[in-house]
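One structure below.
The values are calculated or read from the model by the stated rules, or taken from the named source; none is laboratory data. As the structure is a prediction and not an experimental result, all values here were calculated from the model. When we count neighbours, we look across all protein chains shown, and the Cβ atoms used for this are built from the backbone with ideal geometry, even at glycine. Quick note on the areas: whole protein, heavy atoms, side chains included, nothing else; ligands and nucleic acids left out. Shrake-Rupley method; radii C 1.70, N 1.55, O 1.52, S 1.80 Å.
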Amino acid sequence: MSASAIFVLDLKGKVLICRNYKGDVDMAEIDHFLPLLMQHEEEGLLCPVLSHGNVHFMWIKHSNLYLVATTNKNSNASLVYSFLYKLVEVFTEYFKELEEESIQDNFVVVYELLDELMDFGFPQTTDSKILQEYITQQGTKLEVAKSKVPTTVTNAVSWRSEGIKYKKNEVFIDVIESINVLVNANGNVMSSDIVGSIKLKTMLSGMPELRLGLNDRVLFALTGRDKGKTVVMEDVKFHQCVRLSRFESDRTISFIPPDGESELMSYRINTHVKPLIWIESVIEKFSHSRVEIMVKAKGQFKKQSVANNVEVRVPVPSDADSPKFKTSTGTAKYVPEKNMVVWTIKSFPGGKEFLMRAHFGLPSVENNELEGKPPITVKFEIPYFTVSGIQVRYMKIIEKSGYQALPWVRYITQSGDYQLRTNV
């Protein structure tokens, strides 16, 4: 079972708009939501599911709005939350910014969307590109469009319209990997993993069938071709267009792609990752006097690769002042509102080492507040490189008209949650 009703509330708990899908929960029950929320907040027991009697409220907060689903059954909570976040995504596609004002200015469109997105408490058409074909923001067009529902809504391929035409048929594939690393103050890697995604930009005519081949270890083992570098992907999540039964039987990623931009799949690789940019820091704090910071950054990746837009963020005491910097490359800037120094290096070649020194004054009066020890964080992006070694081995494009299409592949590695702890 899913949701009985969906409500959009302002921060004071006033209902801006709602839709009752099943009629089995009294609509007045929503009056209990905000008092319950505030009570739990005061007690420090805030929970994503709140209950009043036999009615359950599943809620999320976005900007200055609460989106709440009610139910009196043992509903699939993960389905409801996925739907609420999808609701935010669709409204944002339509109104650019989802906030109280955009709901009030677009009541008619919101009601239309709520009707199409869910039916009798179950999610229906949730793809914003398809919804935009027949729910428009012009009232006059809305009436005309109603008479003809696009075939995509009743079609087996609900994410792609028929009759798409391009002069030049191309598909762009981006393999993007984010590295999550936590290094302790002694220089030991505490945890590390890789979170990857394969994104497509499809400009193909008709209804093409695509087949994507990766250097997947399970596939190579199945076919007896266990040669070369392979990767073991975990927590693989696909776009709805991928034929899951085909993937489960022979690991083939076969699909009819959505038009334009989409995320085909995401994955995680749980492996020991050597930090690509290694940071050594010496932070010396002299009471009532000054703080001396020395940070050395080293590129631990191939010499032919270059990291772009590197940012090393070094925490400093909240009462520090009078900053002075010296860098061997790039620029250092003090950001007082965030209590940090940001050292920016536009281009960081592999195998190189760079140095940054900073000097801060401290007030003569001791700050009695206990401050934490925030870590040094690093941001970067390395094009034409994947740390896991994942590769697109082939992309086959089959369409009944037999046209030739060009697939383009780009690899990017970037920092995710990349933290290095300090002693000070």
Residues satisfying the stated conditions in segment 270-292, i.e. part of a strand (DSSP E or B), open to solvent by less than 50 Å² (accessible area, probe 1.4 Å) and more than 17 Å from residue 353 (Cβ to Cβ):
283, 291
Has segment 55-76 got at least one residue that is surrounded by 16 or more Cβ atoms within 10 Å (Cβ to Cβ), assigned by the TED database to the domain that holds residue 119 and not in a strand (DSSP E or B)?
yes
Conditions: (1) assigned by the TED database to the domain that holds residue 292; (2) surrounded by fewer than 18 Cβ atoms within 10 Å (Cβ to Cβ); (3) within 32 Å of the chain's Cα centre (by Cα); (4) over 16 Å from residue 279 (Cα atoms). Residue 324 meets all but one. Number of the miss?
(3)
Select from segment 388-424 the residues that are surrounded by fewer than 18 Cβ atoms within 10 Å (Cβ to Cβ), farther than 24 Å from residue 233 by Cα and touching a strand residue (DSSP E or B) at 6+ places or on another chain (Cβ under 6 Å) and list them in ascending order.
398, 406, 424
State all residues of segment 41-77 that are without any contact (Cβ under 8 Å) to a residue 40 or more places away in the chain, of a type outside the set (Val, Ile, Thr) and farther than 29 Å from residue 97 by Cα; if no residue qualifies, say none.
42, 43, 44, 45, 51, 52, 53, 54
Here, helices (runs of 4 or more DSSP H) confined to segment 109-178 with at least 3 residues that are touching a helix residue (DSSP H, G or I) at 6+ places or on another chain (Cβ under 6 Å) and at pLDDT below 90 are 128-134
Filtering segment 1-38 down to residues that are out of contact with any Gly (no Cβ under 6 Å at 6 or more places or on another chain) and among the basic types (Lys, Arg), which residue is least open to solvent (accessible area, probe 1.4 Å)?
19
Please list, ordered by first then second residue, the pairs with beta carbon atoms under 7 Å, 6 or more apart or interchain, first in segment 10-21 and in contact (Cβ under 8 Å) with a residue 12 or more places away in the chain, second surrounded by fewer than 15 Cβ atoms within 10 Å (Cβ to Cβ) and in a loop (DSSP other than H, G, I, E, B).
10/64; 11/64; 21/120
